[in-house]
Amino acid sequence: MNRKKDKGFESPRPFKLTHQVVCINNINFQRKSVIGFVELTIFPTVVNLNRIKLNSKQCRIYRVRVNELEAPFIYNDPTLEVCHHESKQRNLNYFSSAYTAAVSAVDPDAGHGELVIKVPSELWKQGDDLKVLKVYIEFSLDQPKGGLHFVVPDVEGSMAERGAHVFSFGYQNSTRFWFPCVDSYSELCTWKLEFTVDASMVAVSCGDLVETIYTHDMRKKTFHYVLPIPTAAPNISLAVGPFEILVDPYMHEVTHFCLPQLLPLLKHSMSYLHEIFEFYEEILTCRYPYACFKTVFVDEAYVQVSSYASMSIFSTNLLHSAMIIDQTPLTRRCLAQALAQQFFGCFISRMSWADEWVLKGISGYIYGLYLKKTFGVNEYRHWIKEELDKIVEYELKMGGVLLHPTFSGGKEKDNPTPHLHFSIKHPHTLSWEYYKMFQCKAHLVMRLIENRISMEFMLQVFNKLLSLASTASSQKYQSHMWSQMLLSTHAFLKSISNVSGKDIGPLIKQWVDQSAVVKFFGSFAFNRKRNVLELEIRQDYTSSGTQKYVGPIKVTVQELDGSFNHTLQIEENSLKHDIPCHSKSRRNKKKKIPLMNGEEVDMDLSAMDADSPLLWIRIDPDMSILRKVEFEQADFMWQYQLRYERDVVAQEESISALEKFPTAASRLALTDILEQEQCFYKVRMQACFCLAKIANAMVSTWQGPPAMKSLFTRMFCCKSCPNIVKTNHFLSFQSYFLQKTMPVAMALLRDVQNLCPKDVLNFILDLIKYNDNRKNKFSDNYYRAELIEALTNSLTPAISITNEVRTVDNLNADVRLILEEITRFLNMEKLLPSFRNTITVSCLSAIRQLQKNGHIPSDASLFKSYAKYGHFVDVRVAALEALVDYTRVERSSVDLQWLLEMAQNDPAHYVRHKILGMLCKNPPFTKTTDPAPPFTKTTDSALCNEALVDQLWKLMNSGTSHDWRLRCDAVNLYYALFGLTRPSCLPLPELGLVLNLKEKKAVLNPTIKPELGVGPVMDTPASIGIHGVGMSYSAVDEEPDPISLGVCGVGQPPLSLKRKAETPLGSPPEPGQILQQQEDDARGGRFKIRFNTMEDEDIDMETVHDSQAFIHHHLNLLERPSTPGKEPPSVEQSMLSMPATPVPSFPKETTPLSSKHGGEHGHHHHHHHHEHKKKKKKHKHKHKHKHKHESKDKEKDRERDNSQAYSNSPASGRSLRSPSLSD
Amino acid sequence: PASYALANGHGGKAATSPAENYHLARRRTLQVVVSALLTECGFDSAEKAAVETLTEMMQSYITEIGRCAKAYCEHTARSIPTLSDAVVTLIEMGFKADTLPLYAKRSQRMVITAPPVTNPPVTPKALSAGQKRTHPAHIPCHFPEFPDPHTYIKTPTFREPVSDYQVVREKAASQRRDVERALTRFMAKTGETESLFKDDITAFPLIAAQPSTIPYLSALLPSELELQTLEETDSSEQDDQTDGENAVGNMISDDPGADKENAMLPLSAVVPAAKASEDNVIDNPYLRPVKKPKVRRKK
C-alpha cells in the first residue's frame, strides 16, 4: 500500500539528539513543585541549523543556552486552548479538526514542538562544520496538572512518614509535561538522570543507579542514573517516595518498591515475577535488554500498568496477600503485560504512530503466550474469544478500528476513518476506548500472522528484531545505527517474509490496512441423496464496521464417523458450499464416536435427526478471521456440541446459542456441564447464567426445584443438613469460582409473577447466614461480595402506587430482609474492611438497585459521601457509577454538576477519567441521532441546556489540556450528548435569518414535513444530515418525528447503508473520493433544501455562518494569522520559505467550510506570509495582541464572536511561530 | 533458751499484729499454770523473777515436745503428729511416759479455767458440700478427718455439649450475627450515621463513611482478625500435612491433583534455602551505602 518502502528512518528534524541530561535539583512536596534543568546534546544534520524545536508543556522555562550562549526562545502551546475566543459554533466536527490541527502543530513526529529555540547566530554563522550543540534549559514545574502526579496524604509527620510520593505518568508520549525534550518515540538517545531528593526518600528512574551521594548538608541525597541504551524520551519515568525496597530473591538485579507498610504484600505479589522473566527470555531466546529492572507500586496510579525503559510503574492496588484468590491472576497478568512491553515498546520503540500496532501487537501476542503457558490452553482460548468478541462488538457499534492508517502527504482530505468523531492521526486525539480496542485488535492480528506462518517463525522474527536492536544499542554515538531500534510496519513485514518465506500481504491488507471486521451468517441443509452437506455462508458487509472477506475459511464437521476439517474458499459470488459427508446416516449403535482430539466417546444419539449423520458444524473454529459468526443449527446439535466438543470456545458458543432453545434437553445438557468437574470452570460459570435464562423462559413448564438449587446443595452444602453450606475452605479454585457464581445466577430466576422465587431468596439469605470462614486460609471477601450481588439480582420493581413516598413502614418483607443484610455488611466493613473493600462496592450497587426499583427512596447523598476523595478508589468508582445512574434516572442537574465538578477537580486522574467514561456509557440524555425511542431525545431533557454545552465545551477546549486522555473523554461525552453538530438546545445564532426560520417553523409542521421526509432522501444520500440540521434549528422538541432523529453533520452523513452501497464494496475507499462525494452531497443537499422549502433563506446554518466568518476573515486578514486546519494544499506549501522543516500535513476535516474555501485559504496563507515577513518583530507582542482581542470580544456582541470563531482557530500558535522564524 | 529467744523475737516482730494478744494470753496462762504448780508444791509466794524463769522453762519444754513430735511425724511422712509421736518424744526427752496418767489423775491437782480466747484466727468454713466422708475401715480413727467435701468432690456443672452439627452451625451463625448486629448498632448509635429513609432515620442506620488519609492501607492490608485466622489455619494445616506425610510415608511421591492446582495458581512460592542464604551477599545498587559528598564538588 502506501507504506514507506525505504528502509532507513528519516528524521523529521534537522538535527539528531544523542544524549540528554535531566537533572532535578529539588522536589518540593509541600508546594508540589520541581526545579531542574536538562541538557540535550545534538548533532545538526543541516549546515545552518538556526532553530531547534523541542517539546515542553506546562514547564516554566527560565533560560535557554546553546553552547553556553544565551538563546532566545518562544514557548507556545496551541493545545492549551483549542479554539480561541468564544466560539458560538460549538460543533464537534469543528472542534475535532481544530484539535487535530493543534496537536499536529506541535507534533514531534513531524519535527514540531512547543518550544522553539533560536540558535545564536554566532553558532550557525561559523560555517559548514557540523558541530555538536549543547542545549541547556532551566525549568521548573509548579503544581503540575499532568505528567507528574504528587500524592501527599494530609496527615501529621514528615513527608516520608506521610507516605508522600510523586511519579510520572501520561498517555503515550507525555514526557514533555515534566521536562523539555524531543517527545517522540522515534528520537533515541542515551541518558544521564540525576534526582536530588530528601534523605528519607528514594528516587527510582530508568537505567542503572550508579551512585547515591549526600548533599553537603547531609539532608538530601542525589541519585545518579545512567541509561546507556538509546531510549526515547516518552520511555523515561521517575518515581520518588519513601519506598520500601525489596531485592528480588531470585534475580538480584531486579528491585521492587512499594509504599510504607506494604512490604509483606510486595514480597508475596512479586514472588513469581522471575517465572515471567524466564518465560519471555526463553521464548524470545534473548536476554532481558536492560541491566536491571525496577517495579514501583504507587497510589492513585493513572493506569494499572505503565512500562518505561527498565522500570514499570504499577498501581499499588495490585498488591495482595496470600489470602486473596481473585486478585492473584489479575496481578500476574499485569506483571506479564508490563514485562512484555519492556521488550517491545520500551527497548524496541516505534518509528511512527502508524507503526504502533506492531509493538502493541507483539507485546500483546507474547503476553498471550504467557497466559497460555501459565493459565493453560483453555484460559488462553477463552481469552482470545473474549478479545475477539470485544473487538467485533466495538467495531460493529462504533465503526472500524484501523491499525495502520496511512496519511499520504498530498491528499490531506483523506480521512481514513470518517465514521469516527475524532481523528486517529495522533495518539492524543484518540478516544481511550478506541485505543484499548486498537491494542486488542493488534494482538489478535499478530495471532492471525502466527496462524499463517507458525509460531516458530514468529518467535524467530521477534528474536531477529531484538538482536538487531541490541546490536544497534551497543553502538556508541553512531547515531544512525540507533534507528535499528525503531520498528516500522515495513521492517516487521520484511522480517516476516525473510524468515518465513511466506507472503502475508493479503492478510495485512485485510486486517491492518483496512478497518472493520467480517460478519458471517451460516446455515446448512443436509442432502440425503447425495450425502452432502450444503452449507451456505453469507456476509453482511454493508453495515458499519464490516468488511468483505474473500479467502479460505475452515469448517469443522463432526459426523458420526469422526470429525472432519474442510477448507472452503469464500469468493465473490459463491454462497453455497457442498461438503461431502463421510458417514452414512445409519448409525452403528455399538460404535464409539471419534472426536477431533482423538478421543472416542459414547453418545446417546436418540436426540439426533435419524436421516443425518451430522452432530455439529463449526465455522472458523480456530478464530483465524476477525469475525462474528451467526450460525444456525438445530438445538440438539448445539447440545451435542456443548457436551462433546472439547474446545472451550465451541462450548461457550453453544451455551450462547442454547439461550434461544429453552427446552428440557437444553436444561439437561447445561446441568450436566455444570456438574462435570473436568469442564473448564469459566464454561461452567457461563452455563449458570444460561440455565437461569432458560429456566425463566420455561417458567410455566419447569419441573422440580429452582434451577441449580439442588446442584448447589449437592456440591457445596453439608450432607446431613442440606440447607447449610459447608464451612469455607476454597481449596479447589474451580469450585470456588462456581460457588461464587451460582447464587448470582440463581437470583436471576423469576416465577410466573416475575418475582424472584421465595425459595431462592431464602436460600441465598441462608448462604449468607451460615457463611463461615474461620477455618479458611483464604479470604472470602469476593464470595461475600458476590452473595450481595445475588441479593441485588433478586430484586424486582416494587409494586408502586403512583407518587407514593417510600417509607420504612411500607417496605416489603423480603426487601426488609435484604436491606438488613446489606446494612450489616456495610457497617461491618467499617470495622473490618475487606480486601479492596469489595463488600462496600457490592453494597453500594445494591442500594442503588433498591432505589431504582422503588423500594427505598431515591437519594444521592449516600453515594456522594462514598464518592469523595479519601475513600478507596474502587469504592469511589462504585459510588460514582451509582451517581451517574441516579443522574440519568432522576435527571438531576445538581448531581450532574457535582459530577462534572469532580471530573474537573478531583486529585485522582483515574477517577476523573472514570467519571467521564461512565457518563458516556450511561449518559444523562442522548443525542437525537441515536435510534432510541423518540422521548429520550436531547431536547426532551431539562439537563440539556446552553450552560451545559458551554461547560462541556470549556472542559474539552481548555479545561483538560494537561491530560490527553481526559480531553478525549470529554470529547466522547460531548459526542454522546450532542453528536457531531451544533447542539440543538443552543439558541439560534443571532443572524438575520433566524426570524425567518422561526416563522418557517410554524409553516413547516403539517404540510412540508412529509415532503421533506420523502423527497430529498431519494435524491441525495446526505440530505438526511441536512435535514437534521435544518430541523434542529427549528426546535425539534415539539416534533418527535423520526426524521428529526437524523441530525447529523452537514456534508458528513452518517454511514448510512445508502452511501456505503455507492462506494465500491469491500475495497478501501479511494482517498479523496469520499470527500469529493461529500462535497457534492453537501451542495446537493443544500440545494435540495432550498428547492424544497422554496424560500430564499438558506437554512444551512453552518454555511451561512461560515460565509459570514469568511468575510470577516477577509477583513481581518491583515492582522490575523491563518488557521492550520486550513493549510493550503501542497502546491502552496512548496512556496513557503521553510525548507528545513517539513510542513505538517493537516487533515482536511470534512467540514463543508474547509472543502469549500480550500482554495481561498491557500491564498490567505500566502498573503499572510508576506505580511509577516514585514513585521517580524511584532511577534514578541503577540500576547498583548491576543489579549486585546479577547477584551474586545467580550465587549462585542455574539454576532461578532461567531464570526471570529472561524478565524481564530487553533492554529494561531503555529502560524505565529512559523513565519517568525523563517528568514 | 534458744526457742524462747526465738519466740520472743517472733513476738517482738509481731508486736502490732493481732497475734500479739494471743501470745500474751498464752504466756499469762502459762504463768497461771506455774503459779498453780508452785502452790501445789507448797509455796505461798514467789518472786516475780522466779515465776518468769519457771514460765520460760515450761514454755521451752513444751515447745521442744511439740517440735520433736512434729519431727517424728514428718519423718513418717505425715503432716499431723499423733499420740505415738508425742509418747516417743516424751521418752526421748527422758520423761517416763507411763507416769503421766497417774500424774494427771492426782488428787491435789488444781483446775485452771481455760484462758479466755480472744479473737482466735478462725478460718471461715468454706462452703460445705455434701456429707463429710468418714474414714474407711483400714484407717485408724485418730487419723485426721477428711477435708471438706468441696475440696475433692467433682460435680459436673456443664451440660452435655450439643453434638448435632446442624444445631451447632445454627448457633454459631446466629451468635455471630447477633454480635455483629449489636456491634454495628452500637457503633451506629455512638457515631455519625447516614440513613436510607427520610421518614425514619433510625431504621437501617448506616455508619457514616469517613474518608481516610491513606485509604489503600486499610483496603489492602489484611485485618488482624484475618491474619490471626491465617496463622491458625496455617499451623493446623501444617500439622495435618506432616501427619499425613508421616502416615503415608514416602510411598506417594507426587500428587497429580495438587500439582495441577499449583500449576494453575501457585499462590505462594517458597524461596529455596540456597537462595535465601545468598541474600546476604546481594549486590544491589539500592542497598549500597550512600556516599559522602566529595569536597571538590563544591563550587
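What follows draws every value from the coordinates through simple rules; no lab data is involved. Quick caveat, the model's predicted, so the values are computed rather than measured. Every residue, glycine as well, gets a Cβ built from its backbone with ideal geometry; the counts of neighbours run over all protein chains shown.
Structural remarks
- Calculated from backbone phi, Karplus (6.51, -1.76, 1.60) coupling profile of the stretch B:35-45 in Hz, x at Gly/Pro: 4, 5, 5, 5, 4, 4, 7, x, 6, 8, 8
- Evaluating 6.51 cos²θ - 1.76 cosθ + 1.60 at θ = phi - 60° for every residue in the stretch A:689-699, the Karplus couplings come out as 5, 5, 4, 4, 5, 5, 4, 5, 6, 9, 3 Hz, glycine and proline recorded as x.
- Under Karplus coefficients 6.51, -1.76 and 1.60, residue-wise ³J(HN,Hα) of the stretch A:500-505 in Hz, glycine/proline x: 9, x, 9, 9, 9, x
- Full extension of the chain segment joining residue B:168 with residue B:78 gains 27.3 nm, where the gain is 0.36 nm per residue of separation less the Cα-Cα distance.
- Extension gain, residue A:954 back to residue A:703 (0.36 nm per residue minus Cα-Cα distance, nm): 84.3 nm
- Ranked by the mean number of other Cβ atoms within 10 Å of their residues, highest first, the peptides A:944-951, A:617-624, B:135-142 come out as A:617-624, A:944-951, B:135-142.
- In terms of surrounding Cβ atoms within a 10 Å radius of their Cβ, A:471, A:41, A:331 rank from fewest to most as A:471, A:41, A:331.
- The value of relative contact order for the stretch A:809-966, using C-alpha pairs under 8 Å at least six residues apart, is 16 percent.
- Residue (of A:188, A:251, A:222) at the positive-pole extreme of the stretch A:147-266, dipole from beta-carbon charges: A:188
- Three-way shape call for the stretch A:838-878 based on the alpha-carbon gyration tensor, with the a/c threshold at 1.5: oblate
- Residue pairs, from the table A:372/A:719; A:628/A:682; A:16/A:118; A:385/A:584, whose Cα atoms sit over 27 Å apart: A:372/A:719; A:385/A:584
- Shown is the FRET efficiency for residue A:727 and residue B:190, computed with R0 = 25 Å from the Cβ-Cβ distance and rounded to the nearest 0.05: 0.15.
- Near-label residues of the stretch A:648-682 by backbone N, under 13 Å of a point 7 Å along Cα→Cβ of residue A:603: none
- Taking the fewest neighbouring Cβ atoms within 10 Å as the starting point, the ordered list for A:842, A:121, A:473 is A:121, A:473, A:842.
- Taking amide H atoms as placed 1.01 Å from N in the peptide plane, the amide H of residue A:243 lies under 5 Å from those of A:202, each 5 or more residues away in sequence or on another chain.
- Shielding score for A:29-38, defined as the mean number of other chain Cβ atoms within 10 Å: 0
- Interchain or long-range residues, amide H under 5 Å from residue A:346's placed H: none
- DSSP-assigned coil residues among GluC sites (Glu not before Pro) in the stretch B:163-219, each with at most 12 further Cβ atoms within 10 Å: B:192
- Per-residue average of Cβ from other chains inside 10 Å of A:151-158: 2
- One quarter of the convex hull surface built on the alpha carbon atoms of the stretch A:845-980 amounts to 8.1 nm², the projected area averaged over directions.
- Placed amide H near residue A:187: partners under 5 Å, 5+ positions off or other chain: A:233
- Highest mean packing first, where packing is the average number of other Cβ atoms within 10 Å per residue, the peptides A:864-870, A:225-231 line up as A:225-231, A:864-870.
- Euclidean distance of C-alpha centroids, the stretch A:711-790 and the stretch A:465-521, integer Å: 51 Å
- For the stretch A:652-732, averaging the sequence separation of C-alpha pairs within contact (under 8 Å, six or more residues apart) and dividing by the residue count gives a relative contact order of 25 percent.
- Total charge dipole magnitude, the stretch A:603-721, about the Cα centre, Cβ charges on Lys, Arg, Asp, Glu only, Debye to nearest 20: 660 debye
- Mean sequence separation of contacting Cα pairs (under 8 Å, at least six apart), scaled by the length of the stretch A:605-687, corresponds to a relative contact order of 25 percent.
- Each of B:39, B:113 has some number of other Cβ atoms within 10 Å of its Cβ, and from fewest to most they run B:113, B:39.
- Count of lysine pairs in the stretch A:386-472 with Cα separation under 24 Å (8 or more residues apart, or interchain): 11
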